[in-house]
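S.K.: Following this message is one structure expressed as structure tokens.
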Ligand code: TYD
């Protein structure tokens with residue numbers, strides 16, 4: 001988990017996220033997810049090259065991360081000044097979105113559908129050294 005600097009005063013909070021400073025890559029792409037609910041599961045993929053930082057800037061959600069070797073961890077994204085860093089080649093599921101959730105995703109690469117791995121068995125095979 002990453003904790004971002006914030007400047008608060010009588011007017012409210014301002015959270016600062018600088019590429020290469022507060023997160024470990026230069027930001028090439030942002031996208032955000034809203035209008036999801038507690039029933040849906042998003043993500044369900046790994047990325048060959050892209051690293052991400054996820055920040056629930058409003059509301060909350062959870063992300064389940066798997067390394068393809070049998071380890072998994074669940075992180076609650078529930079504060080606008082914290083985020084989770086996801087390196088390349090981890091499987092991720094985002095779920096349990098609260099009402100009003102806005103999940104901001106910062107990415108190290110431009111979108112390239114070819115670098116998304118959407119088959120979990122193929123992901124495990126690649127992790128364990130197979131050719132996929
Ligand atoms: P998808 O990967 O299914 O989203 P999630 O990981 O949240 O489940 O993406 C939904 C659609 O948006 C799909 O058609 C691909 C497209 N898309 C882009 O065109 N550019 C992007 O940067 C992203 C993340 C998705």
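S.K.: For residue 8, only one of the following conditions fails: (1) in contact with a strand residue (DSSP E or B) (Cβ under 6 Å, 6 or more places away or on another chain); (2) part of a strand (DSSP E or B). What is its number?
M.R.: In the conditions (1) in contact with a strand residue (DSSP E or B) (Cβ under 6 Å, 6 or more places away or on another chain); (2) part of a strand (DSSP E or B), residue 8 misses (1) alone.
S.K.: If you don't mind, another one. Residues of region 31-47 being in a strand (DSSP E or B), surrounded by 12 or more Cβ atoms within 10 Å (Cβ to Cβ) and out of contact with any helix residue (DSSP H, G or I) (no Cβ under 7 Å at 6 or more places or on another chain), which ones?
M.R.: Listed by number, the residues that qualify are 32, 33, 34, 41, 42, 43, 44, 45.
S.K.: Any residue in region 25-37 that's on the phi > 0 side of the Ramachandran plot: show its pairings with residues that are more than 10 Å from the ligand (Cβ to nearest atom) and assigned to a loop (DSSP other than H, G, I, E, B) at Cβ separation under 9 Å, as long as the two are six or more apart or on different chains.
M.R.: If the second residue must be more than 10 Å from the ligand (Cβ to nearest atom) and assigned to a loop (DSSP other than H, G, I, E, B), the pairs left are 35/97; 35/101.
S.K.: Residue 123 versus (1) surrounded by 15 or more Cβ atoms within 10 Å (Cβ to Cβ); (2) over 10 Å from the mean Cα position of the chain (by Cα); (3) closer than 22 Å to residue 22 by Cα: which is the lone unmet condition?
M.R.: Going through the list (1) surrounded by 15 or more Cβ atoms within 10 Å (Cβ to Cβ); (2) over 10 Å from the mean Cα position of the chain (by Cα); (3) closer than 22 Å to residue 22 by Cα, residue 123 breaks only (3).
S.K.: Could you give me the residue pairs with C-beta distances under 8 Å whose first residue belongs to region 8-19 and is free of Cβ contacts under 8 Å to residues at least 60 places away in the same chain, whose second residue is surrounded by 10 or more Cβ atoms within 10 Å (Cβ to Cβ) and outside any strand (DSSP E or B) wherever it lies, and which are 6+ apart or on separate chains?
M.R.: Cβ pairs passing all conditions: 16/4; 16/5; 16/22.
The numbers here are math on the coordinates, done by the rules we state, and not lab data. Small disclaimer: the values here were computed from a predicted structure and weren't measured. Here Cβ is always computed from backbone atoms with ideal geometry, including for glycine, and neighbour counts include all displayed protein chains.
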